[in-house]
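Below: one structure, written as structure tokens.
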Amino acid sequence: MKEGREVVVRFVGFVAILVFCVVLAVQAWVFARCFFAVRAVPSFSAFPVVRVLFYGSGKGTVSARFSLFDTAGREFAVIDRSWTADSLSFDFTTASFGGKTFVFPFKIRPSEATAGGTSIAHYYLDRKQCMLLGEPCTEEQKHAFYHLALYALGMTRTFSSRFSEIRTLNLAQCEMGKTYDILTDSEGLLVLEPM
């Protein structure tokens, strides 16, 4: 009986170590791939990655429209809904490699909460391409940008480092009925500006 338990404990320990090594190897591969991906992604100047229009608020709800744009200025996704909150914050995550810092929309959430919120990534990650990179970029460049986005989004579940961090824009100061642009570039700019 005692020998059977020892075998089970050894087996479970072996499996746990094996799983840990596989996860570590995958993370190392994702990280290393970013150094190659950043070479394929062109630098770009400031562009409105998100356009925000607040419709109204009251009794613990906020209604707004968030439009996503690519580097060419083409709107490709709209999130039009209400949130249970007094005000909203927009979280972004970054990937910093090769002297470039790319900013990716992460989630819209109530300002008073750090967890939960509306995830944004599925709006711009499609068929192993990142739709934030517009024309005249190639599929290869969009695919490389996709890998950088995956790294940045994956790091939101672990910790910040010199290669990735979470940045938050508090949208509480935005006026109802007024449109705002959230600007970014390939050097890490993240700014909220009224239109």
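Overview of results
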{"item": "Check on PHE104, within 16 Å of the chain's Cα centre (by Cα), at pLDDT 90 or above and more than 18 Å from VAL41 (Cα to Cα)", "result": "no"}
{"item": "Of the criteria (1) within 11 Å of the chain's Cα centre (by Cα); (2) modelled with pLDDT of 90 or more; (3) part of a helix (DSSP H, G or I), which one LYS142 fails", "result": "(1)"}
{"item": "Condition broken by LEU150, with the remaining ones in (1) in contact with a Ser or Thr (Cβ under 7 Å, 6 or more places away or on another chain); (2) open to solvent by 60 Å² or more (accessible area, probe 1.4 Å) satisfied", "result": "(1)"}
{"item": "GLU139 vs. criteria farther than 22 Å from VAL26 by Cα, free of Cβ contacts under 8 Å to residues at least 12 places away in the same chain and open to solvent by 30 Å² or more (accessible area, probe 1.4 Å)", "result": "yes"}
{"item": "Selection within the stretch 80-117 - farther than 24 Å from GLY188 by Cβ and among the aliphatic types (A, V, I, L, M)", "result": "ALA85, ALA113, ALA115"}
{"item": "Residue, least open to solvent (accessible area, probe 1.4 Å), within the stretch 99-135, restricted to residues that are over 30 Å from VAL62 (Cα atoms) and in contact (Cβ under 8 Å) with a residue 12 or more places away in the chain", "result": "GLY134"}
{"item": "Of residues in the stretch 47-62 being open to solvent by 30 Å² or more (accessible area, probe 1.4 Å) and without any contact (Cβ under 8 Å) to a residue 40 or more places away in the chain, the one nearest to ILE108 (Cα to Cα)", "result": "THR61"}
{"item": "Which numbered condition THR156 misses (of (1) without any contact (Cβ under 8 Å) to a residue 60 or more places away in the chain; (2) farther than 19 Å from LEU68 by Cα)", "result": "(1)"}
{"item": "Some residue of the stretch 181-195 being open to solvent by 40 Å² or more (accessible area, probe 1.4 Å), within 14 Å of VAL49 (Cα to Cα) and in a loop (DSSP other than H, G, I, E, B)", "result": "yes"}
{"item": "Residue match in the stretch 77-98 (condition: touching a residue at least 60 places away in the same chain (Cβ under 8 Å), surrounded by fewer than 18 Cβ atoms within 10 Å (Cβ to Cβ) and touching an Asp or Glu at 6+ places or on another chain (Cβ under 6 Å))", "result": "no"}
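Per-residue answers, yes or no, for (1) open to solvent by less than 60 Å² (accessible area, probe 1.4 Å); (2) out of contact with any Lys or Arg (no Cβ under 8 Å at 6 or more places or on another chain):
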residue	(1), (2)
GLY13	yes, yes
ILE17	no, yes
VAL23	no, yes
PHE36	no, yes
PHE69	yes, no
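The values are calculated or read from the model by the stated rules, or taken from the named source; none is laboratory data. Everything quoted here is computed from the prediction, not taken from an experiment. With ideal geometry, Cβ positions are generated from the backbone for all residues, glycine too; neighbour counts draw on all protein chains shown. Keep in mind that these areas ignore ligands, DNA and RNA; they rest on the heavy atoms of the full protein, side chains included. Shrake-Rupley method; radii C 1.70, N 1.55, O 1.52, S 1.80 Å.
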